[in-house]
Amino acid sequence: MTKKGIILPSTRAFVREARQLKGFSFFNLLHGYIYARWTYFYIAMGTGSHPLAKRLSPLLNWIGKLIVTNAAGEERSQIHLEDTYHGKVLPLETARQLVSVKEDIRLGDLEKVIPYALARDIILKNPDHIAVLDCPCRAAREHPCLPMDVCLIIGEPFASFAVEHQPNRARWISSEEAQAIIKAEDERGHVHHAFFKDAMLGRFYAICNCCTCCCGAMQAQRGGTPMLASSGYAARIDEDKCLKCGKCSRTCPFGAIHMNGRSVVDLDQCMGCGICTGQCRQGAIELVRMESKGEPLLIKQPAF
């Protein structure tokens with residue numbers, strides 16, 4: 001936790017906030033520090049791409065079975081990854097709004113928005129403090145998608161922690177730069193996720209712009225581990241406008257659109273990311289609200 005014997009300001013801020021959280025154990029604090037300090041090693045181990053992953057997996061599984069206490073004061077006999085680290089799919093406009101906030105925000109009781117075992121909060125302190133970080137998932141791949149600098153760390157103490165502890169991989173950016181990154185990634189067909197992690201003070205801390213070939217969470221989702229929550233929307237295709245070109249089917253990150261003489265949306269697979277709407281030049285696809293998909297993450301009312 002030190003650099004030349006001095007504890008970095010962001011480390012002190014992280015510990016200070018952690019101590020104020022009811023039920024936030026020493027294990028949570030240690031886990032959060034390790035995750036934020038050695039993000040690239042942590043993600044490489046989690047995705048199995050690190051050479052030591054197989055050798056250390058028995059030890060990691062044992063650690064995962066340690067009894068820890070959650071924020072409600074209840075004991076859990078095992079830590080499940082999908083309970084402690086997951087993302088909320090964001091349409092383009094919602095992602096842009098999250099990096100455009102100018103004042104502190106506190107949103108609690110998000111069980112309907114983030115439908116997982118542990119309650120999540122959006123607490124944005126200094127939301128104009130935004131850092132861009134080289135994507136740990138892409139960095140773990142032998143042939144990663146480019147560009148690398150697409151992960152946005154938002155608010156304090158997280159943004160300062162990234163810049164102070166990863167000076168070669170993170171840098172400060174403005175809200176305008178963050179919006180430009182999100183827009184460019186959207187045009188590449190990459191999905192925006194708001195990420196939450198139990199050990200990261202149980203809060204929203206980042207927007208990742210994810211590709212299917214590198215993102216560990218998307219690959220886990222496809223493998224049956226529920227690490228991503230739907231945006232609360234689903235794609236709807238206007239057959240009168242649709243040219244049946246198949247581009248939406250080819251570019252859907254979740255494989256939710258199929259060609260069967262026409263474009264058909266598999267609502268069970270659709271996560272409401274909206275990538276297809278931007279890829280369709282005919283404007284034949286729109287996002288529509290679906291109650292069965294859960295609640296959207298709204299800072300403002302959506303523009304669609």
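FYI, it's all coordinate maths here, none of it is from the lab. Since the model is a prediction, treat every value here as computed from it, not as a measurement. Note that each Cβ is placed from the backbone with ideal geometry, even for glycine, and that neighbours are counted across all protein chains shown.
Descriptive notes on the structure:
- Here Ile34 and Glu239 are evaluated by their C-beta separation; at R0 = 51 Å the FRET efficiency comes out at 0.50.
- For region 266-302, the list of trypsin sites (Lys or Arg not before Pro) that fall in a loop by DSSP and count at most 13 other C-beta atoms within 10 angstrom reads Arg281, Lys300.
- Order of Arg12, Arg222 - criterion: other Cβ atoms within 10 Å of each residue's Cβ, fewest first: Arg12, Arg222
- Close amide H pairs (under 5 Å, H built 1.01 Å from N) link Ala229 with Gly87, Lys88, Val89, residues at least 5 positions away or on another chain.
- Within straight-line reach of Lys88, meaning a Cα separation under 17 Å, sit the following aspartates and glutamates at least 8 residues removed in sequence or on another chain: Asp109, Glu111, Asp121, Glu185, Asp186, Asp198, Asp268, Glu291, Glu295.
- Distance between the 7 Å Cα→Cβ label points at Leu107 and Ala184: 2.7 nm.
- For region 82-164, the dipole from Cβ point charges (+1 on Lys and Arg, -1 on Asp and Glu) about the Cα centre works out to 200 debye, to the nearest 20.
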